[in-house]
1. Would you please state which residues of the range 33-66 a label at Asp6 would reach in this model, taking the label point 7 Å out along Cα→Cβ and a backbone N cut-off of under 12 Å?
2. Given contacts defined as C-alpha pairs under 8 Å and at least six residues apart, what's the relative contact order of the chain, whole-number percent?
3. Tally up the carbon and sulfur contribution to the accessible surface of the range 9-58 as a whole percent, 1.4 Å probe, everything protein left in place.
4. Roughly what % of Cα-Cα distances in the chain sit above 19 Å, to the whole percent?
Amino acid sequence: MNTPDDELLRAPAVSQRVGLSLSRIRARVAAGTFPPPVKLSARAIAWRRSDINAWIASLPQKDTNA
């Protein structure tokens, strides 16, 4: 059974979801600070929704008391 977290997101959807350009995402993947994509074919990649959600959850929270 597939769940929404199993969904694979293509680059434009990931870029929109996290608010970063694809070039910035690629740089962060290379630096190890963003989840790596899954290779779908010789020219296609995607990210697991669960990996993107976990990355977003790991970001520091904005301090609203400052």
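The values are calculated or read from the model by the stated rules, or taken from the named source; none is laboratory data. Model, not experiment: these values are computed from the prediction. Every residue, glycine among them, receives a Cβ derived from its backbone with ideal geometry; neighbour counts consider all protein chains shown. Surface areas here come from the heavy atoms of the whole protein model, side chains and all, with no ligands, DNA or RNA. Shrake-Rupley method; radii C 1.70, N 1.55, O 1.52, S 1.80 Å.
1. none
2. 38
3. 52
4. Summing the P(r) of the chain above 19 Å gives 34 percent of all pairs.
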